[in-house]
Every structure is written in structure tokens, then in C-alpha cells.
Ligand code: AMP
């Protein structure tokens, strides 16, 4: 069920719980600003989620309210993970769903990294 990204941050959301170590995740990268782990229901041969360590509901919340250092750190982490996963030469796709029409289900900002095969059309017809 898509979420309303204008609501206050819910500290019990599943990615907050992964950040606190309360539930497991298949981690691929972690630094001061970001955590990356495999999506539990992959939609491509490589499907990694990168999340900021700060409590931000969505891309909208993050881009409006995060300090510049956190934004830079997060963006660098996304690029680093893509390189580390060997996605740059073949190519890959980034996706951040926001709110109802975006189909966002988890109310903590996450960037999807897809790769490992030609990904086809950007949006299904
Ligand atoms: P979105 O629709 O953009 O909010 O995407 C949420 C993503 O989180 C989906 O691709 C889910 O498969 C993924 N997901 C949900 N719970 C977990 C979890 N515990 N570990 C890893 N990925 C998850």
C-alpha cells in the first residue's frame, strides 16, 4: 500500500528497524551516511536498495531538509555501490519512488539500484 510522504517520519518503519539492527538485511555497503542492502524481492539480477542513515520519509523530505553534508554523502554512496556492484560499464537504473503515484511503500527514503541485464522501457506501458 503506497504511503503518504507528507506524514511525519515513522520510526517503526522496516528500514529504520534495519538501520537499528533489529531485523537482518543482506548488507552490501555501509558508511557514515548510507546503508545498502539487497532488496528482499529482487526485480532484476542486481537489485540493491541504498538508504540514508538519517530519518527522512522520502526523496522530497531529504532534498528539502537534509544538510548538504548528508546529501553529498548519500549521493556518493549510491555511486560507490553501483561501481562496487560492477554496474557502471554495462549500465544500470536508479529509481526513487515518492508517495502514492510513485508507489512508495516504505516511508524511509530509498534509492533502488537495478542492473545485471538490459532493463527495457523506463515505465511499463
Ligand atoms: P518502494 O515501493 O519504492 O517503497 O520499495 C520498497 C522496496 O523494499 C520493495 O522493493 C521491497 O521488496 C523492499 N523491501 C521491503 N522489505 C524489505 C526488507 N526487509 N529487506 C529488503 N528489502 C525490503
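See the values below:
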quantity: Any hit, the range 80-88, residues being within 14 Å of the ligand (Cβ to nearest atom) and either at pLDDT below 95 or surrounded by fewer than 18 Cβ atoms within 10 Å (Cβ to Cβ) (or both); calculated: no
quantity: Meets criteria (at pLDDT 95 or above and more than 16 Å from the ligand (Cβ to nearest atom)) for residue 38; calculated: no
quantity: Within the range 86-124, tally of residues that are over 28 Å from residue 64 (Cα atoms) and not in a loop (DSSP other than H, G, I, E, B); calculated: 1
quantity: Matching residues, the range 16-45, being closer than 29 Å to residue 123 by Cα, touching a helix residue (DSSP H, G or I) at 6+ places or on another chain (Cβ under 9 Å) and assigned to a loop (DSSP other than H, G, I, E, B); calculated: 25
quantity: Residue in the range 49-65 that is at pLDDT below 95 and within 12 Å of the ligand (Cβ to nearest atom) present; calculated: no
quantity: Selection status of residue 82, more than 15 Å from the chain's Cα centre (by Cα), over 24 Å from residue 4 (Cα atoms) and either outside any helix (DSSP H, G or I) or in contact (Cβ under 8 Å) with a residue 12 or more places away in the chain (or both); calculated: no
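Listed here are the residues, each with its yes/no results for (1) without any contact (Cβ under 8 Å) to a residue 24 or more places away in the chain; (2) surrounded by 13 or more Cβ atoms within 10 Å (Cβ to Cβ).
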| residue | (1), (2) |
| --- | --- |
| 50 | no, yes |
| 55 | no, yes |
| 66 | yes, yes |
| 96 | no, yes |
| 105 | no, no |
| 114 | no, yes |
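The values are calculated or read from the model by the stated rules, or taken from the named source; none is laboratory data. This structure is a prediction, so every number in the text was calculated from the model and none was measured. We place every Cβ from the backbone using ideal geometry, glycine too, and count neighbours over all the protein chains shown.
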